[in-house]
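Here the structure comes first, spelled out in structure tokens, and everything after it is commentary.
The values are calculated or read from the model by the stated rules, or taken from the named source; none is laboratory data. From a predicted model like this one, the values you see are computed outputs, not experimental measurements. Glycine gets a Cβ as well: all are built from the backbone with ideal geometry, and neighbour counts include every protein chain shown.
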Amino acid sequence: MSALQGDLGRAIDPPAALELPLTDPNETNAYGDVIAGVKHHKEERQRFVYVQTPGIFESLNGLFGIENHLMYLLMYPDELKEIYRRQAEWNRQFAMNCLDLGVDMIHVSDDWGAQNSLMFSESVWHEMIYPYHKITTEAVLARGALLSLHSDGNISSVVDGVIALGYRVLHPWQESAGMSLDVFKNQYRSRLTVMGGLDVQTTIGFGKLDFLRAEIRRVLTMFAEGGLLYCTSHFVQDHCSIDELVLAYDTIYKTVRELEHRV
């Protein structure tokens, strides 16, 4: 969600966006779903709860359009830095309000990855993205809360930066975009946990039942000693049948129980 609102009656580029007012992150009516979710899942069911919050790049794609936004990174870096700073201050306050309501972990969504690499250069990420994520992550860590990040695609080149920001969970570590789970296990598992492992781009939803079973077993066995919060890499897609989804759940349940007895 972008903190900016309004319609100037013309195309929105970064100079124009600086004219837009910000929404109020302290508007109490906006937190009804968070309050209800914390009450149901945490207070009544004693579950760990987290809430998805906006990042920097993805949240402004709706305002600019992603292709324009990528172009603006080079055309209007100074104006974007000010827009990003405003968005980051809004994100921080939104996260603080969620923590006040009882949320355990702030889950930031900010897609940076294409199929083989970042959508922009690593240097652009360090200059234009990292400092503004830090505004939120430092505040969350100061509260003693946990941080997780969602970013689709291949973000291998900035994983060390993600860890430096204080994120301890990364979703999804996308194998279908060239991010090897073997690399994660060997290089990062002591510092980071992956949320994911069941790829919706290649594995579930294609009617390849034997392959689906084998992939579930492969990934769960690889992380029998920890380091993985197993789930899908993204939403289960519409082309996935209920029968296949049930098979996946049953296979996961059976495999986890078998691994419990081995470890």
Determine whether the stretch 48-65 contains at least one residue that is under 22 Å from residue 147 (Cα atoms), in contact (Cβ under 8 Å) with a residue 12 or more places away in the chain and over 18 Å from the mean Cα position of the chain (by Cα).
no
Only residues that are assigned by TED's automatic domain parsing to the domain that holds residue 107 and among the hydroxyl-bearing types (Ser, Thr, Tyr): list them for the stretch 161-181, please.
167
Determine whether residue 247 is touching a Leu at 6+ places or on another chain (Cβ under 7 Å), modelled with pLDDT under 95 and surrounded by 12 or more Cβ atoms within 10 Å (Cβ to Cβ).
no
Based on what the data block shows, is residue 185 among the charged types (D, E, K, R) and more than 23 Å from residue 107 (Cβ to Cβ)?
no
Quick one: in the stretch 197-229, which of the residues that are of a type in the set (Val, Ile, Thr) and more than 19 Å from residue 177 (Cβ to Cβ) is surrounded by the most Cβ atoms within 10 Å (Cβ to Cβ)?
216
When you go through 183, 159, 140 one by one, which is the residue that is surrounded by fewer than 18 Cβ atoms within 10 Å (Cβ to Cβ) and more than 30 Å from residue 246 (Cβ to Cβ)?
183
Return the pairs, sorted by first residue and then second, in which the second residue is exposed (fewer than 13 other Cβ atoms within 10 Å of the Cβ) and part of a loop (DSSP other than H, G, I, E, B), the first residue lies in the stretch 213-230 and is free of Cβ contacts under 8 Å to residues at least 40 places away in the same chain and in the same structural domain as residue 202 (by TED's automatic domain parsing), the beta carbons are less than 6 Å apart, and the residues are 6+ apart or on different chains.
224/263
Only one of 70, 99, 74 is of a type outside the set (Phe, Trp, Tyr), in a helix (DSSP H, G or I) and crowded, with 17+ Cβ neighbours inside 10 Å, namely 99
